[in-house]
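This is the structure I have questions about; it appears just below.
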């Protein structure tokens, strides 16, 4: 016979998961601004490096990933061959684009805020 004063294991698990989820949500809210800043800097770095690699070095975007620093695996790259630009995205947080211009090389688009 079950002890009536002790919560069922399933209920206890749900309560623990709810508390852990709340703590994670609060931590995310607390660190949102710094995370966004780091994501933006990482995306800008990724766009600039990949643009140079692609349009100055003539390598493919997949090969350009070799030039990234460790920890940049989440950065996604896309290219616009016609505009000679590379956009790097850090999912849900940041997106930056670098454009190649003859004689200037790759430059990031100006930040708007």
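The values are calculated or read from the model by the stated rules, or taken from the named source; none is laboratory data. Quick caveat: nothing in here was measured; it's all calculated off a predicted structure. Cβ: placed from backbone, ideal geometry, glycine included. Neighbour counts: every protein chain shown.
Scan (1) more than 16 Å from residue 35 (Cβ to Cβ); (2) free of Cβ contacts under 8 Å to residues at least 24 places away in the same chain; (3) under 20 Å from the mean Cα position of the chain (by Cα) for the single condition residue 82 breaks and write down its number.
(3)
Residue under question is residue 26, and the condition is that it be surrounded by fewer than 10 Cβ atoms within 10 Å (Cβ to Cβ) and without any contact (Cβ under 8 Å) to a residue 12 or more places away in the chain; does it hold?
no
What tally of residues in region 77-86 results from selecting those that are in contact with a helix residue (DSSP H, G or I) (Cβ under 9 Å, 6 or more places away or on another chain) and part of a strand (DSSP E or B)?
5
Moving on. Find the residue count for region 85-113, including only residues that are closer than 12 Å to residue 47 by Cα and at pLDDT 90 or above.
Final tally of qualifying residues: 16.
To keep it simple, each residue is scored yes or no on (1) in contact (Cβ under 8 Å) with a residue 40 or more places away in the chain; (2) in a strand (DSSP E or B).
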| residue | (1), (2) |
| --- | --- |
| 55 | yes, no |
| 62 | no, no |
| 65 | no, no |
| 74 | no, no |
| 88 | yes, yes |
| 97 | yes, yes |
| 100 | yes, yes |
| 106 | yes, yes |
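Taking the stated definitions as given, is residue 105 more than 22 Å from residue 31 (Cα to Cα), more than 17 Å from the chain's Cα centre (by Cα) and loosely packed, with under 13 Cβ neighbours inside 10 Å?
It is false that residue 105 is more than 22 Å from residue 31 (Cα to Cα), more than 17 Å from the chain's Cα centre (by Cα) and loosely packed, with under 13 Cβ neighbours inside 10 Å.
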